[in-house]
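In what follows, a single structure is set out as structure tokens and then discussed.
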Ligand SMILES: [Zn+2]
């Protein structure tokens, strides 16, 4: 790649180090690395006779590509938990993941980490992207979440168990956890994902379990992250040395102080909650789910503002992969949400979406800023994200995506496609009683005009409603 030069000139450069934007600046790339950045950078730095490509970024912002530390490529834009876990065939799920990776990259997301997914699909997609036969962001992957019977991802009754296609794997004893870590590492994961309690109202793993699992993963050269919504499990995860924390919705001042002092990044992953709260009505999310998520956001905002004041490091993560968080649609919305719900400044949000994700890619100090020697993952944006962070949300503003020093060519027509979902087998969305049909107070349904509201016609199974209506965050 040496001798292969690319000059992105005349743009406003935000290098994501925290330094102010530089107008009329250029970024010079050699091979897949940044050679130099600045207002005095130009063609004169390229040895005579060596090939040079140029991109004119006049009137545009040049910044590092976004990194999404919480992106589930195997979820396939699912509308229900059953679809994620029970309707998964490894073959179709893998092919969909490959197709969806293209969409994520088109949104200006040049790096992702998958904290849990079905089978070893994440490992396969990661390698296929690296070997350039699948187009997508650079990637790190966990295997299935390790959970207990009291954790997220053991959704179903014991009579069903945790199916083979599940995003989780059940390990109720320390030897079982250790065994699973060893298998996952052998099969090529970059990180281990632990699944503590769904809503953070209790700690599912014991302190000793967390410590032993973390020690083994680290000994084998791997990172760990944990789904931890409550204070107890965040505190325990920090004591165990877990490398970054997902969520942290409810945390005491003491745990926040520990989180800040440890420099362990927090990936709040607000997008899933905010999309359901704000836009769930548009896509049939049940009112119970929307209310539960709105309450969670309220509680989370209070916690995250305290965390921001204490100096906690924030990183962009979105839980993309659900039908309410489709691939390539909303990744950059998380930056706006971090400003709203945690109080980050535009520059802090931009760093949360770039340099702070380098750790989750296993590339700390090598990616996420525009500085000499860094990997050349760059986006060219119409608009100024520091003036309005929302410009990053509209893909039409992401004019050029440069990955590994090369401008990416997208198949825009293919990108507009969405797959049909594989829904749970639902017979109705309400009970067809005698009174509903003939009752004095109940109107008789005729034609398409059913007597229940659009809210009740939720396209989700009843178990989700029950689960979410009991979702009360601890104070
Ligand atoms: Zn997730």
Can you tell me the FRET efficiency between residue 399 and residue 23 if r is taken as the Cβ-Cβ distance and R0 is 22 Å, rounded to the nearest 0.05? 0.80
Convex hull of segment 314-416 built on C-alpha atoms - directionally averaged projected area, nm²: 7.2
Extension gain from residue 294 to residue 50, taking 0.36 nm per residue of separation minus the Cα-Cα distance: 82.2 nm
Ratio of segment 187-312's C-alpha Rg to 2.2 N^0.38 Å, to two decimals? 1.12
Proxy exposure order for 313, 242 (fewest C-beta within 10 Å first) is 313, 242
Given R₀ = 22 Å, FRET efficiency for residue 310-residue 208 by Cβ-Cβ distance, to 0.05? 0.20
Could you state the angle between the C-alpha long axis of helix 333-342 and the longest principal axis of the C-alpha atoms of the chain, as a value from 0 to 90 degrees rounded to the nearest 10? 80
Nearest-ten-degree value, helix 287-309 long axis tilted from longest Cα axis of the chain: 40
Ranking 77, 91 by Cβ neighbours within 10 Å, fewest first, what do you get? 91, 77
By per-residue mean of other Cβ atoms within 10 Å, what is the highest-first order of 372-383, 155-166, 338-349? 372-383, 338-349, 155-166
Run the numbers for residue 345 and residue 186: contour at 0.36 nm per residue of separation, minus the present Cα-Cα distance, in nm. 53.1 nm
Set the Förster distance to 22 Å, then compute FRET efficiency between residue 437 and residue 281 from the Cβ-Cβ distance, nearest 0.05. 0.20
Sorted peptide list for 428-439, 175-186, 195-206, criterion being average Cβ within 10 angstrom, highest first: 195-206, 175-186, 428-439
Using the Kirkwood radius over Cα pairs of segment 66-363, the Stokes-Einstein translational diffusion coefficient at 25 °C and 0.890 mPa s, in µm²/s and rounded to a whole number, is 131
Show me the three semi-axes of the equivalent ellipsoid for segment 148-207, from the C-alpha gyration tensor (sqrt of 5 times each eigenvalue), largest first, rounded to whole Å. 19, 15, 11
In deg cm²/dmol, rounded to 500, what helix-only [θ] at 222 nm does the chain give when every DSSP H run of at least 4 residues adds -39500 (n - 2.57) and the total is split over its residues? -9000 deg cm²/dmol
Would you work out the relative contact order for the chain, in percent, from Cα pairs under 8 angstrom that are 6 or more residues apart? 19
Rounded to the nearest 5, what % of the DSSP beta bridges within the chain are antiparallel ones? 40
Cα axis of helix 174-186 to longest principal axis of the chain: angle in degrees, 0 to 90, nearest 10? 40
On the Cα set of segment 86-139, report Rg and Dmax in Å, please. 10.6, 32
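Taken together, the values in this text are just the output of simple stated rules run on the coordinates, not laboratory data. Keep in mind that what you see is a predicted model, and the values were worked out from it rather than measured. All Cβ positions, even for glycine, are placed from backbone atoms using ideal geometry, and neighbour counts span all protein chains on display.
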